[in-house]
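The structure appears below as structure tokens.
The values are calculated or read from the model by the stated rules, or taken from the named source; none is laboratory data. Keep in mind it's a predicted model, so treat the numbers as computed, not measured. When we count neighbours, we look across all protein chains shown, and the Cβ atoms used for this are built from the backbone with ideal geometry, even at glycine.
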Amino acid sequence: MNTISVSDVLAALDRAPREAVVAFDCDGTLWSGDVGEDWFVELVERAGFHERASRAMRDEARAHEINADGSDRAVAEALLDAMNRGRYEEHRLYELMAWAGAGRTDAEVSSVLDAMLARVGLASRLHGETLAILRAAEARGLRTVAVSASPLAVIEACLRHVSVVPAAVCAATQAVEDGVLAPRLAEPLPYREGKVRALRAAVGDAPVVAALGDSGFDLEMLALASVPLAVRPKKGLRDRAVELQSLRELEVV
């Protein structure tokens, strides 16, 4: 996989039609780490789970023959261990993290997010090369679209916190029942091909001039772009790079 500089990407943005969009993943791409995991840790270690979320998490564990005994923290750790051992699918854990706020109102979720953001130092985790491209796209009148498998409320709060305002945000959207969050998603998780579907639902058939991601499950979205960019790529994306010959590794700034 060859590298590409930020200045070369900006030159591609200059040549793009005005209706073009720039799509970007957030976790590992705009910032280091995973804010969906930060949210889950906030619930596990500090805020706790509402009874409705706790019950649903235990049901999920039992359905996959994972130990559901003990504290909520013990069950959460058992699910994570099962995923790491290949006994529980990664995308199901992402879905669980997204609906783990079940039983809370929007105001209660906001309170937990405020506490999380005060703790995690997100501004210090930003990747300058991604931020430079997003700022340049906005300056050129191009739409930017965030596409993430993390919870929608979490991604929106984090983007506001770092003053990134995309034209659209596609993320794991939790269902709402009687004014509180339900232990399920309202829409399919934006994961692998789901990122493509979510992006196209947001922007239609608009050309994607650039797409930025760091993980193997971003590749399908990256393949839509004229300039697909691997941002500090993880092993999974490096392993899949052969599937997309135009993929370029963005130089770190």
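Annotations
- Residues in the range 220-252 that are farther than 17 Å from Glu193 by Cβ and among the basic types (Lys, Arg): Arg232, Lys234, Lys235, Arg238, Arg248.
- Test result for Arg119, touching a residue at least 40 places away in the same chain (Cβ under 8 Å), more than 27 Å from Ala198 (Cβ to Cβ) and of a type in the set (Lys, Arg): yes
- Checked against (1) buried (at least 17 other Cβ atoms within 10 Å of the Cβ); (2) under 22 Å from Val253 (Cα atoms), Ser54 passes all but condition (2).
- If only residues of the range 1-21 that are within 22 Å of Val147 (Cα to Cα) and in contact with a Pro (Cβ under 9 Å, 6 or more places away or on another chain) are counted, the one that is surrounded by the fewest Cβ atoms within 10 Å (Cβ to Cβ) is Pro17.
- Any hit, the range 209-219, residues being surrounded by fewer than 16 Cβ atoms within 10 Å (Cβ to Cβ), among the polar types (S, T, N, Q) and within 26 Å of Leu13 (Cβ to Cβ): no
- Residue under evaluation Ala61, criteria (1) farther than 30 Å from Asp8 by Cβ; (2) surrounded by fewer than 14 Cβ atoms within 10 Å (Cβ to Cβ), criterion not met: (2)
- Screening the range 151-161 for residues that are of a type in the set (A, V, I, L, M) and in contact with a helix residue (DSSP H, G or I) (Cβ under 6 Å, 6 or more places away or on another chain) and picking the one that is surrounded by the most Cβ atoms within 10 Å (Cβ to Cβ) gives Val154.
- Search result, residues across the range 180-204 that are surrounded by 15 or more Cβ atoms within 10 Å (Cβ to Cβ), outside any helix (DSSP H, G or I) and not charged (D, E, K, R): Val180, Leu181, Ala182, Pro183, Leu185, Leu189, Pro190, Tyr191
Conditions (1) within 21 Å of Ala211 (Cα to Cα); (2) surrounded by fewer than 16 Cβ atoms within 10 Å (Cβ to Cβ); (3) at pLDDT 95 or above, marked per residue:
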position	(1), (2), (3)
Ala100	no, no, yes
Arg104	no, no, yes
Ala118	no, yes, yes
Ala149	yes, no, yes
Ala171	yes, no, yes
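- Pairs linking a residue in the range 75-94 that is over 18 Å from Ser150 (Cα atoms) and in the same structural domain as Glu45 (by TED's automatic domain parsing) to a residue that is surrounded by 14 or more Cβ atoms within 10 Å (Cβ to Cβ) and of a type in the set (Phe, Trp, Tyr), with Cβ atoms under 7 Å and 6 or more positions apart or on different chains, are Ala82/Tyr88.
Okay, residues lined up against (1) more than 17 Å from the chain's Cα centre (by Cα); (2) among the acidic types (Asp, Glu); (3) more than 23 Å from Leu244 (Cβ to Cβ):
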| residue | (1), (2), (3) |
| --- | --- |
| Glu156 | no, yes, yes |
| Ala168 | no, no, yes |
| Ala175 | yes, no, yes |
| Ala198 | no, no, no |
| Pro207 | yes, no, no |
| Ser215 | no, no, no |
